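Okay, structure first, notes after.
The values are calculated or read from the model by the stated rules, or taken from the named source; none is laboratory data. Since the model is a prediction, treat every value here as computed from it, not as a measurement. All Cβ positions, even for glycine, are placed from backbone atoms using ideal geometry, and neighbour counts span all protein chains on display. Surface areas here come from the heavy atoms of the whole protein model, side chains and all, with no ligands, DNA or RNA. Shrake-Rupley method; radii C 1.70, N 1.55, O 1.52, S 1.80 Å.
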Amino acid sequence: MATEVTVPVLGESITEATLGEWLKQPGDKVAVDEPIASLETDKVSVEVPSPVAGVMGQHAVQVGDTVLVGAMIATIDAGEGAPAAAAAPQPAVLQSPAAAPAEAQASPAATAGQQAPASDPRDTPAALSPSVRRAVLEHGVDPATVKGTGKDGRLTKDDVAAAAASTPAPAPAPAAAPIPVAASVAAASGRKEERVRMTRLRQTIAKRLKEAQNTAALLTTFNDVDMTAVIEARAKYKDLFEKKHGVRLGFMGFFVKAACLALKDIPSVNASIEGDEIVYHDYADISVAVSSPGGLVVPVVRDADQMSVAQVEKTIGDFGKRAKDGTLKMDEMKGGTFTISNGGVFGSLMSTPIINPPQAAVLGLHRIEDRAVVVNGQIVIRPMMYLALSYDHRLIDGREAVTFLVALKNAIEDPTRILIDL
């Protein structure tokens, strides 16, 4: 008897998702609550657990298909035998208009390739994540010959890169079967193009950023800050800090606490517009932009104004790790009253960040570099950083934006202000 696996409830107002990856292939043994598939939603990836123990049955949808909440995506067969031969009924799947023609144009060679047995179901193209499939195409590596180090023995991008580096001058590989979602087109000149469907997360990022530009009256103001005091404090206490709190002392803890201090002085920067009303918040929920394999995500440090620097660093460190693993939760990215984005970790000198609606402002941090500045009439070399505050001019006036940056600058250049709330 087969048990249907359906798309779970994904969160408030979320009715559909995209199938990002199959974690189990037909014939694989499955335990209760073991993840069998990964779904991409507007914000995070969600794993679909198996409701029963048994053998993975037929996949009812393909990687890249859009599925509705409650739709059946696969079956789990009882026992430990081979998967059921009967095809599972199709769920409510939303496919792009180009999907059907692409399937209809599959070549006989592709069909033959799909029927050929693989050495390991996890190494089949459909079982690889989009990033790994792209790496396989770029390096020309046969995934069946590479030992995976990921979860359940699955391949990672590092596995593919290592295999390519250890294989000298590989011979040209035969034409491969078409890979879902991505397609490479080679011109007569040898130049190639690759078309990859945008992930749901990337589509959502693009939509929200464009909405922000269309709705808000965006303006950016700049300042710079001398990082000498923070760098000296970090160098002096980083070992004791890590020993006591179990987390490294970085710069984000200082900037989050300094921002909370400045937000108290300039409450409009911490406000938002809802209809024809301005909503002021007496708390500071700081959204911190972190990178994930699928794009930029913005988890929220709740009540950051009530936290210590150590608590802030622990929370941000945990967010960063789980963003890379794809295990952030929906609730952790909802809300937020103010955003901090640190492009300096990638080497950015200056930028004009876009606000995260319905927030009214975002602070952009940049790289630290030694520059000649004048201090007490003397030209000295100091570690300087440019600060950028993008804000909604409908709510925040230029005077308030500049005052906010000055308050932040003063707190970073004299961290004692953070301790005495000055």
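Can you name the residue in the range 239-276 that is more than 13 Å from THR337 (Cβ to Cβ) and among the basic types (Lys, Arg) and is also surrounded by the most Cβ atoms within 10 Å (Cβ to Cβ) among such residues?
LYS257
Within the range 204-220, how many residues are surrounded by 16 or more Cβ atoms within 10 Å (Cβ to Cβ) and hydroxyl-bearing (Ser, Thr, Tyr)?
Here the count works out to 2.
Do we find a residue being open to solvent by less than 10 Å² (accessible area, probe 1.4 Å), small (Gly, Ala, Ser) and modelled with pLDDT of 85 or more anywhere in the range 287-299?
Yes, there is a match, as at least one residue in the range 287-299 is open to solvent by less than 10 Å² (accessible area, probe 1.4 Å), small (Gly, Ala, Ser) and modelled with pLDDT of 85 or more.
Write out, first by first residue and then by second, each pair whose Cβ atoms fall under 6 Å of each other, whose residues are 6+ apart or on separate chains, and whose first residue, in the range 203-227, is under 14 Å from VAL362 (Cβ atoms) and at pLDDT 90 or above while the second is of a type in the set (Ser, Thr, Tyr) and open to solvent by 30 Å² or more (accessible area, probe 1.4 Å).
Pairs found: THR220/THR352.
Counting just the residues of the range 7-34 that are surrounded by fewer than 16 Cβ atoms within 10 Å (Cβ to Cβ) and modelled with pLDDT of 80 or more, which one comes out nearest to the chain's Cα centre (by Cα)?
PRO8
Restricting attention to the range 35-68, which residues are more than 14 Å from THR6 (Cα to Cα) and assigned to a strand (DSSP E or B)?
If the condition is that a residue be more than 14 Å from THR6 (Cα to Cα) and assigned to a strand (DSSP E or B), then GLU40, SER45, GLY54, VAL55 are the ones that fit.
Within the range 161-198, track down each residue that is at pLDDT 75 or above and closer than 22 Å to GLY64 by Cα.
Selection gives GLU193, GLU194, ARG195, VAL196, ARG197, MET198.
Taking only the range 50-102 into account, find how many residues are out of contact with any Gly (no Cβ under 9 Å at 6 or more places or on another chain), open to solvent by 20 Å² or more (accessible area, probe 1.4 Å), small (Gly, Ala, Ser) and at pLDDT 50 or above.
The number of residues fulfilling the criteria is 2.
Which numbered condition trips up MET330, out of (1) at pLDDT 90 or above; (2) under 30 Å from ALA37 (Cα atoms)?
Tallying (1) at pLDDT 90 or above; (2) under 30 Å from ALA37 (Cα atoms), MET330 fails exactly one: (1).
Where in the range 308-422 are there helices (runs of 4 or more DSSP H), lying wholly inside it, with at least 1 residues that are out of contact with any Leu (no Cβ under 8 Å at 6 or more places or on another chain) and surrounded by 15 or more Cβ atoms within 10 Å (Cβ to Cβ)?
Ranges flagged: 309-325, 398-413.
For PHE241, indicate whether it is in contact with a Leu (Cβ under 6 Å, 6 or more places away or on another chain) and aromatic (Phe, Trp, Tyr).
yes
Is it fair to say VAL32 is of a type in the set (A, V, I, L, M), in contact with a strand residue (DSSP E or B) (Cβ under 6 Å, 6 or more places away or on another chain) and assigned to a loop (DSSP other than H, G, I, E, B)?
Answer is no for this residue.
Looking at this structure, is GLY250 touching an Asp or Glu at 6+ places or on another chain (Cβ under 8 Å) and modelled with pLDDT of 85 or more?
So GLY250 fits the description; yes.
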